[in-house]
Amino acid sequence: MKNQNIPYKIYLSEDEMPKYWYNVRADMVNKPAPLLNPATMKPMSFDDLRPVFCDELIEQELDDTTKLIPIPDDIRNFYKMYRPSPLVRAYCLEEKLQTPAKIYYKFEGNNTSGSHKLNSAIAQAYYAKNQGLKGVTTETGAGQWGTALSMACAYLGLDCIVYMVKVSYEQKPFRREVMRTYGASVTPSPSDTTEVGRKILAEHPGTTGSLGCAISEAVECATTHPGYRYVLGSVLNQVLLHQSIIGLEAKTALDKYGVKPDIIIGCAGGGSNLGGLISPFMGEKLRGEADYRFIAVEPASCPSFTRGKFAYDYCDTGMVCPLAKMYTLGSGFIPSANHAGGLRYHGMSPVLSQLYHDGLMEAVAVEQTAVFEAAEQFARVEGILPAPESSHAIRVAIDEALRCRETGEEKTILFGLTGTGYFDMTAYEKYNNGEMTDYIPSDEDLEKGFAGLPVQPE
Ligand SMILES: *Cc1c(COP(=O)(O)O)cnc(C)c1O
């Protein structure tokens with residue numbers, strides 16, 4: 001029998017919920033490279049960023065030194081509607097796998113938006129409101145971010161304009177309607193409502209859009225409408241900062257029971273949930289206080305870490321955004337139509353990119369069919385029907401647990417379960433019908449993306 005002293009679910013009280021976000025950049029020796037102004041190739045200053053982002057969020061974006069940033073009371077109060085989120089000991093999965101490993105997951109799908117994205121959505125909407133703005137603009141791919149942001153905006157009485165990648169707009173009408181119910185206006189991208197959208201439509205008639213393209217439209221919309229700013233659901237330093245609440249809660253809960261994870265695993269699209277989950281643990285590693293293995297999991301169809309280049313690149317297709325130094329497949333790279341919409345971005349968080357580059361973190365790429373096998377196995381024993389994105393982390397957590405079965409090692413594994421998959425039933429249907437395919441880009445496919453990288457600064 002396993003040690004049953006640890007409950008199936010470790011809940012924290014509201015008082016135990018963190019009062020500060022933790023900024024891992026403060027403990028990094030090699031800081032993430034600054035965003036560059038594409039016109040001058042000089043680091044973006046506060047003033048350069050003001051037309052695009054809210055002031056307070058720019059402060060957070062540029063702050064590489066403040067370790068702890070207080071969470072405003074209004075945001076904490078909103079968090080209390082669905083946080084602290086449970087940390088679950090996956091006894092049933094362990095039993096099923098017959099592994100000596102101990103598996104924990106931090107479940108971020110227990111809010112109406114269904115994913116961790118609400119943690120940053122409410123923060124960004126709050127700062128916009130505080131600045132007296134009328135509204136915010138954004139893009140959404142699969143729709144999780146747009147859903148989270150429209151919820152946060154509804155709560156605060158802010159206008160919310162969402163550019164939704166056209167293929168998702170058409171294939172995920174329910175997501176779209178959730179956003180509209182929360183009061184957001186949702187436009188399929190590319191659209192004729194922006195200059196950059198009209199240009200892309202003229203060059204690629206019939207295109208079903210991409211995240212990079214929707215970002216360009218949302219940024220243009222913000223900068224041409226007084227009282228609006230643009231917000232982004234991943235990649236940026238500020239988003240990782242807000243998501244640190246995931247890792248801080250997980251660490252507090254594990255510390256309560258004297259549990260120290262050996263391996264920490266998360267899926268990586270733009271890197272926000274993974275960055276948030278690992279931040280406090282990575283801080284300990286950076287300060288030499290403890291050691292952990294960190295594993296980023298990405299789809300084999302969009303392998304930014306494992307096959308991308310560490311270079312300055314455009315964040316969007318229209319090249320209206322600053323350049324970021326990150327692991328990237330090139331802003332023109334369009335991944336094949338895999339079902340993990342949240343993991344289809346061409347780039348990666350500059351913070352995680354630097355940590356990976358410095359050998360502080362590992363990355364693996366996994367194929368879609370294997371991911372859904374893991375999702376099914378997990379759903380059948382743990383009950384939760386996971387999002388396809390989250391299931392990438394489940395796949396690797398299971399693989400590590402099976403390795404422990406071979407070696408007899410009693411490793412402790414922690415992974416991030418970022419959301420539920422109820423809006424992804426088309427993907428599950430494909431899997432259940434045996435119609436799911438795995439597409440891995442060839443080296444030539446990737447070369448096309450790399451060819452579009454900008455000339456690198458000296
Ligand atoms: C958006 C999303 C992701 C990927 O985004 P990150 O910024 O890499 O965390 C993962 N899981 C879910 C459920 C998402 O909605």
Among the residues of the range 132-164, the number that are within 16 Å of the ligand (Cβ to nearest atom) and either touching a His at 6+ places or on another chain (Cβ under 7 Å) or not in a strand (DSSP E or B) (or both) is 12
If residue 253 passes every condition in (1) outside the structural domain of residue 171 (by TED's automatic domain parsing); (2) in contact with a Pro (Cβ under 9 Å, 6 or more places away or on another chain); (3) surrounded by fewer than 21 Cβ atoms within 10 Å (Cβ to Cβ) but one, which one does it miss? (3)
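One line per residue, one yes/no per condition, for (1) assigned by TED's automatic domain parsing to the domain that holds residue 324; (2) hydroxyl-bearing (Ser, Thr, Tyr); (3) under 23 Å from residue 295 (Cβ atoms):
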position	(1), (2), (3)
369	yes, yes, yes
387	yes, no, yes
399	yes, no, yes
428	yes, yes, no
457	no, no, no
Output yes when any residue across the range 412-421 is modelled with pLDDT of 95 or more, part of a helix (DSSP H, G or I) and in contact with a Gly (Cβ under 9 Å, 6 or more places away or on another chain), and no when none is. no
Residue check, residue 121 against (1) within 16 Å of the ligand (Cβ to nearest atom); (2) of a type in the set (A, V, I, L, M, F, W, C); (3) more than 30 Å from residue 397 (Cα to Cα), all met but one. Which one? (3)
Which condition breaks for residue 110 when tested against (1) within 20 Å of the chain's Cα centre (by Cα); (2) crowded, with 16+ Cβ neighbours inside 10 Å; (3) of a type in the set (S, T, N, Q)? (2)
Checking residue 129 against (1) in a helix (DSSP H, G or I); (2) crowded, with 24+ Cβ neighbours inside 10 Å; (3) charged (D, E, K, R), which test does it fail? (2)
Somewhere in the range 200-213, is a residue within 18 Å of residue 239 (Cα to Cα), outside the structural domain of residue 82 (by TED's automatic domain parsing) and in contact (Cβ under 8 Å) with a residue 60 or more places away in the chain? yes
Does the range 275-288 include one or more residues that are modelled with pLDDT of 95 or more and in a loop (DSSP other than H, G, I, E, B)? yes
Which residues, counting only those in the range 180-228, are surrounded by fewer than 20 Cβ atoms within 10 Å (Cβ to Cβ) and of a type in the set (Val, Ile, Thr)? 181, 193, 207, 208, 223, 224
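For residue 139, are the conditions met, namely being closer than 16 Å to residue 345 by Cα and acidic (Asp, Glu)?
Spelling it out, residue 139 is indeed closer than 16 Å to residue 345 by Cα and acidic (Asp, Glu).
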Of the criteria (1) farther than 25 Å from residue 44 by Cα; (2) within 16 Å of the ligand (Cβ to nearest atom), which one residue 74 fails: (2)
Name every residue in the range 31-61 that is of a type in the set (S, T, N, Q) and under 22 Å from the mean Cα position of the chain (by Cα), in order of residue number. 60
What residue, among those in the range 275-294 that are touching a residue at least 40 places away in the same chain (Cβ under 8 Å) and away from the ligand (no atom under 13 Å from the Cβ), is nearest to residue 246 (Cα to Cα)? 280
How about the range 276-322: which of its residues are among the β-branched types (Val, Ile, Thr), surrounded by fewer than 22 Cβ atoms within 10 Å (Cβ to Cβ) and in contact with a helix residue (DSSP H, G or I) (Cβ under 9 Å, 6 or more places away or on another chain)? 320
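Residues checked against (1) among the acidic types (Asp, Glu); (2) assigned to a helix (DSSP H, G or I); (3) at pLDDT 95 or above; (4) crowded, with 24+ Cβ neighbours inside 10 Å:
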| residue | (1), (2), (3), (4) |
| --- | --- |
| 336 | no, no, no, no |
| 346 | no, no, no, yes |
| 353 | no, yes, yes, yes |
| 356 | no, yes, yes, yes |
| 375 | no, yes, yes, yes |
When you check residue 109 against the structure, is it on the phi > 0 side of the Ramachandran plot and within 12 Å of the ligand (Cβ to nearest atom), yes or no? no
Pairs where the first residue, in the range 138-162, is not assigned by TED's automatic domain parsing to the domain that holds residue 387 and the second is assigned to a helix (DSSP H, G or I) and of a type in the set (Lys, Arg), C-beta under 6 Å, 6+ apart: 143/175; 156/129; 158/129
Within the range 381-411, can you find the residues that are within 16 Å of the ligand (Cβ to nearest atom), of a type in the set (A, V, I, L, M) and in a helix (DSSP H, G or I)? 393, 394, 396, 397
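The values are calculated or read from the model by the stated rules, or taken from the named source; none is laboratory data. The shown structure was predicted, so the numbers you read here are calculated from the model rather than taken from an experiment. So basically every Cβ, Gly included, is an ideal-geometry build from the backbone, and we count neighbours across all protein chains shown.
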